[in-house]
Amino acid sequence: MSSPNFYIAVNDYSTPLQNPGGKCRVERGSLLTLTAAPPSNLSRKQGALFHSSILWLRVYETEEVVGVEPEYVREIGPTVWRILLAVTDTEERYAFFMDHKRLQDVMNLKLGDNVRVQVKSSSGRKERGVLCYKGSVNHEQEVLFGVQLVGSAVGRGFTDGTFGGHRFFHCDENCGVFVSGSRLERDRPESSRKPRKKDDNTPAGHEESALRSKNSQEPHTKPTVFMPRGLRQESPQKTDEKDQEKGELLHSGEERIVKRCSPEEHSIQAEGNPQPLTNPLEGEEAQNLNATSEDHPPSSLYCPPSDGSLSSLSAKGELLSKGLELNSMVEVNDPPIYGVIRWIGHIPECSEPIAGLEMEEERPSAYTDGTYIGVRYFQCGPNKALFVKLRNCRPDSRFYSLHGPTNQIQRCNSIAFREYASKCVEENTPPATDHEAVERLTGWKKGIQGHCNSCYLDATLFCIFACSSALDTILLRPPDKNDNDSYTDTRDLLRTEIVNPLRKNGYVCATKVMALRKILEAAGKSTGFTNEEKDPEEFLNRLFQVLRVEPLFYIRTPKKKPQGCIFYQIFMEKKQSVDVPSVQQLLEWSMVTGDLKFTEVPSCLIIQMPRNGKNFKMFNTIIPSQELDITDLLEDTPRQCSICQSLAVVECLECYEDLGITPGHIKQYCATCNKQVHLHRQRCGHQPRDLNMPENVNGQAVLQRQNLQLYAVLCIETSHYVAFIRMNTHGRPLWAFFDSMADREGGQNGFNIPRVTPCPEVTEYLEMTAMELQQEDQKSIPTYARRLLCDAYMCMYYSPDLALYK
């Protein structure tokens, strides 16, 4: 039986049919497969709407069968299908597919190739790495790429090569990642892009070595790499024999001195006085030997060879006896110098195993970029590579742990976390108030303990539940017939292991949060909830999905069906005339531009600040409005005339940008003011729209403003999420700052220590006007206030009147 035809949508498409699944819109980037026939429940009239060229496709994400015009989709092969399947966001998937060159390049990647990888979804930065795995990890069809991070990216990953309890490659803890192809690209070093041209200044014998990759008829080989399932990498090029003969080897017992066409001598000294083995080539000569063609960029050795050469010299035994492995932090010499093991293997001049180190500090006179005598063994920054005998390496005494590498996810649930454990609290616990709130929540080892890239989740949970009951309905909803067996367990885990202990004792350990993360990961096809840093909105969507929580509010455009939402993301073009906007202004700008209205007052409103993508801030400073007036953003609600404050009967979206009438506010008018305003020649072409008024409302009615209160702000800085909460105190608000990873105990295998810090100075800055803030010197603003104003990611509001009833 042949495999099904695969397709991707290249345009948004609405079918003229109400599908059996209830939806009739296909987003671009959606994946589809060909079905045999249209849905069986089509009526004759509905079937007549479709001509013979219509493709009947099943949408992968929703399982809906839809009729699609051929121009709205593109057929793709099974390999492309599997690679795109791992990209869960449809817009990201579409952009990746349309970048055909990069997609093809990713498809052609081989194990051992140097790559650039986007480690965190909240950051656009791509880190250097080596491709160590390519394929399925969870018995599904999608293809993921396992990458070992190198250079400055070491320690920024979320795995040691394992996924879902299975090992796919080997690396140090938090030195590897599994990503979709959309977050990957080939790393092309500058030295590989333009082969060096032969000229009269090239040293004798070196032209063969430098241009060999272009002229040689021999196949290229790269270093072998130790990986599971027989996955191998190629080995580096050998230097030309003539080039090898340029250096004279002098033997003196344990000492070997390599003399080259260089005024300096470089050596591997005897064991009693270990010295680095360095590259004697410098300047133009070294550059010539490093040149390669673009088709064969230099490959790096980041793992021991699997051909048995190391085992014959007991190199593996030496590694194990010292607790060392690839990417181990080590020191050499006394006083010590520090580096990280990037390569282990052999060089022609020495029978002992050699370690290639990437050093912390550059040394132009002695270090290289990963080459030795013209052969590239690994790649790092200029003047940072050092080659030493493996037996002269010892663990970095500043960070080394005798326990060796551990699985951080499993370790979180082990006895090692005993002293950091938090207790279960069965009884429902409301947020504390006044001095109790300050006493319970502030200080070291307060809040939610961070672990294994959990800051996005820790900060979001702390914002939502620490000092607010606006979303307590999530914790209290009884199960119904549509809930599965795990619903009660999941709800009670959140309530008794996280929220209640946080409110009663002020602290929740990472083991409790890890249990929730495992549930979130198991609940859907998206991976990484137990170890990868994700976005707060992805966490909220998954949490609401798992607990089947109703949307927090509904919005719609006129005459359209309401759309349920968990949070509102502000999309807008930057206003050049405004440098320091408030959340009030941003929300109004966004909803007026989109012609949107709330169907009713939300009990809780989470607003995501405007950013270009996930990194670039549209405004350097945003004032989180302490009170949010949404009266004019509600449909079917009595509103005041913008000019005379009597009952408004029309609104005019075209007047919104008019600075001559109540600037910065939505414009609605009574009948008299509407006529006068639109007599002006600049406004006579406007088309005001009638407002829907509730029955029995007249011009004498007392109009009530609908205000929401700010209770938390989630902030992000360099991919690290923190939180500000408004504590429940009478009188002037007291704000506190939370960081789930404020400190650390025990180095690499230690524990994060959370902290909650009162920051009363924040209140003063929240009460300032935009003009007052603009006059402030940024450097003089206290740290916490500056972070709140400059790094706001989500602002959370609630209705004091409705929070307990929604």
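The values are calculated or read from the model by the stated rules, or taken from the named source; none is laboratory data. In this text, all values refer to a predicted model and were calculated from it rather than measured experimentally. Here the Cβ is made from the backbone with ideal geometry for all residues, glycine too, and neighbour counts use every protein chain on show. Keep in mind that these areas ignore ligands, DNA and RNA; they rest on the heavy atoms of the full protein, side chains included. Shrake-Rupley method; radii C 1.70, N 1.55, O 1.52, S 1.80 Å.
Here's a check for you: in the stretch 19-37, which residue that is at pLDDT below 65 and within 14 Å of W56 (Cα to Cα) is surrounded by the fewest Cβ atoms within 10 Å (Cβ to Cβ)?
A36
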Report summary line: Within the stretch 479-518, restricting to residues that are closer than 17 Å to G450 by Cα, open to solvent by 10 Å² or more (accessible area, probe 1.4 Å) and among the basic types (K, R), the one that is modelled with the highest pLDDT is K512
Report task. Search the stretch 90-104 for residues that are within 11 Å of L31 (Cα to Cα) and free of Cβ contacts under 8 Å to residues at least 60 places away in the same chain and pair each with any residue that is open to solvent by 30 Å² or more (accessible area, probe 1.4 Å) and among the aliphatic types (A, V, I, L, M) when their beta-carbon atoms are under 8 Å apart and the residues are at least 6 apart or on different chains. Result -> none
Query raised in the report: Has the stretch 626-633 got any residue that is open to solvent by 30 Å² or more (accessible area, probe 1.4 Å) and modelled with pLDDT under 85?
Result: no
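Please indicate, with yes or no, whether at least one residue in the stretch 38-61 is at pLDDT 90 or above and part of a strand (DSSP E or B). Don't jump to the end; show me each part of the working.
So in the stretch 38-61, the residues at pLDDT 90 or above come out as none.
No, the stretch 38-61 contains no residue that is at pLDDT 90 or above and part of a strand (DSSP E or B).
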Requested in this report: Those residues that are open to solvent by less than 10 Å² (accessible area, probe 1.4 Å) and part of a loop (DSSP other than H, G, I, E, B), I need them from the stretch 519-529; list them, please.
Outcome: G528, F529
Report summary line: Note on R82: of the conditions (1) within 23 Å of the chain's Cα centre (by Cα); (2) surrounded by fewer than 16 Cβ atoms within 10 Å (Cβ to Cβ); (3) in a helix (DSSP H, G or I), unmet is (2)
Requested in this report: Return a yes/no flag: does the stretch 592-607 have any residue that is open to solvent by less than 30 Å² (accessible area, probe 1.4 Å), free of Cβ contacts under 8 Å to residues at least 40 places away in the same chain and touching a strand residue (DSSP E or B) at 6+ places or on another chain (Cβ under 9 Å).
Outcome: no
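Listed here are the residues, each with its yes/no results for (1) in contact with a Ser or Thr (Cβ under 7 Å, 6 or more places away or on another chain); (2) surrounded by fewer than 21 Cβ atoms within 10 Å (Cβ to Cβ); (3) charged (D, E, K, R); (4) under 25 Å from E538 (Cβ atoms).
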| position | (1), (2), (3), (4) |
| --- | --- |
| C715 | no, no, no, yes |
| Y721 | no, no, no, yes |
| E745 | no, yes, yes, no |
| P754 | yes, no, no, yes |
| M768 | no, yes, no, no |
| M771 | no, yes, no, no |
| Q775 | no, yes, no, no |
Requested in this report: Please verify whether the stretch 458-475 includes one or more residues that are crowded, with 19+ Cβ neighbours inside 10 Å and at pLDDT below 90.
Outcome: no
Query raised in the report: Can you find a residue in the stretch 330-348 that is more than 23 Å from D187 (Cα to Cα), open to solvent by 50 Å² or more (accessible area, probe 1.4 Å) and at pLDDT below 70?
Result: no
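Please go through the stretch 376-393 and pick out each residue that is open to solvent by less than 10 Å² (accessible area, probe 1.4 Å) and either over 31 Å from the mean Cα position of the chain (by Cα) or closer than 11 Å to V340 by Cα (or both).
Of the stretch 376-393, the ones open to solvent by less than 10 Å² (accessible area, probe 1.4 Å) are 378, 385-390, 393.
Hits for the stretch 376-393 are A385, L386, F387, V388, K389, L390, C393.
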Query raised in the report: Which of the following residues is of a type outside the set (F, W, Y), under 28 Å from P800 (Cα atoms) and not in a helix (DSSP H, G or I): D636, D743?
Result: D636
Report task. Identify the single condition in (1) closer than 22 Å to V601 by Cβ; (2) open to solvent by less than 40 Å² (accessible area, probe 1.4 Å); (3) not in a strand (DSSP E or B) that C673 does not satisfy, given that it satisfies every other one. Result -> (1)
Query raised in the report: Residues of the stretch 144-157 being open to solvent by 10 Å² or more (accessible area, probe 1.4 Å) and either charged (D, E, K, R) or touching a helix residue (DSSP H, G or I) at 6+ places or on another chain (Cβ under 9 Å) (or both), which ones?
Result: L144, G155, R156
**Report entry** When residues of the stretch 424-457 are limited to those that are out of contact with any helix residue (DSSP H, G or I) (no Cβ under 8 Å at 6 or more places or on another chain) and acidic (D, E), the one least open to solvent (accessible area, probe 1.4 Å)
**Finding:** D434
